[in-house]
1. I need the shape label for the stretch 2-168. Rule: rounded when a/c is under 1.5, else prolate if a/b > b/c, else oblate, with a, b, c from the alpha carbon gyration tensor.
2. Using 1/(1 + (r/R0)^6) with R0 = 25 angstrom and r between the beta carbons of THR191 and GLN120, what's the FRET efficiency to the nearest 0.05?
3. Go through 95-108, 69-82, 122-135 and give me the packing order, highest mean Cβ count within 10 Å leading.
4. Modelling each spin label as a point 7 Å along the Cα-to-Cβ direction, I'd like the ARG86/ALA198 distance in nm, to one decimal.
5. Set the Förster radius R0 to 25 Å, insert the Cβ-Cβ distance between TYR23 and TYR150 as r into 1/(1 + (r/R0)^6), and round the FRET efficiency to 0.05.
Amino acid sequence: MQRLAARALPQGPCRLVLALRAYPEQRSFELWPEPGSAARHPLVAGVYSLGRPRQGIVGWLDLDVCDHVTLDDGQVLDCTGHLGRRLFRALGRLVPPNGRLMVAYEMFAHEGETHRATRQELALGVPPLATPLGVLLFAAGCWLNIRDWYIPEGGREGPRKLQGNRPLDEQHLRRRAGEAMAELAGFLVPTAPARPPALAPARRRAARLLAALRRRFGEEVGR
């Protein structure tokens, strides 16, 4: 967690706040970006679990992430684009093989365009991986078999979120990569009537992701 705080943003280390939870393997945490001016709210808030390896329970992260953070001097720190991908790469390093990373796309405070666009695109049938938060899960290396928790089960999961998974091994990675490529390719197939203009950003993301996956795994995977 200290390494995460040191590397999450390029302009300097974040302030890490940890708190105990009822389960000994879990910690609540917050990352506060303070590049010379105190922030009014954390960049990331959530729960980190080490898991219980002896019981077969794998570690996980459950997060609220702000795409813009307001500083006390009135400046706004834009954590989208390159900064967002860097942040999620750092977060993804905390997730062990076969672990999961969950990130809310519905927030009670400080909701940003990343969350709204993800929610709207999911409602229009965009593959979760091609949404703005899906791209960040891809950067984290936790993009396999993304699940949309659009209906919390039991009422204890909190707001709606996407759950991505880190691969257990190379075989697992290639199998799930093939599934992801097939889903993205299907989304990009021209249809009649044409897809609404609102889906154009998602289609561009899907094309970039599909190209990246084909470069890594080859054209034959996913066919």
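1. Values: a/c = 1.57, a/b = 1.15, b/c = 1.36.
The shape class here is oblate.
2. Numbers: r = 19 Å, r/R0 = 0.76.
After rounding to 0.05, the efficiency reads 0.85.
3. Working: 95-108: 19.9, 69-82: 13.6, 122-135: 21.4.
Top of the packing list down: 122-135, 95-108, 69-82.
4. With each label point 7 Å from Cα toward Cβ, the separation is 3.4 nm.
5. Working: r = 26 Å, r/R0 = 1.04.
Result of the calculation: an efficiency of 0.45.
Readers should treat all values here as calculations from the given coordinates under stated rules, not as data from a laboratory. In this text the structure is predicted, and so the values were computed from the model without any measurement. Don't worry about glycine lacking a Cβ; one is built from the backbone with ideal geometry, like all the others, and counts go over all protein chains shown.
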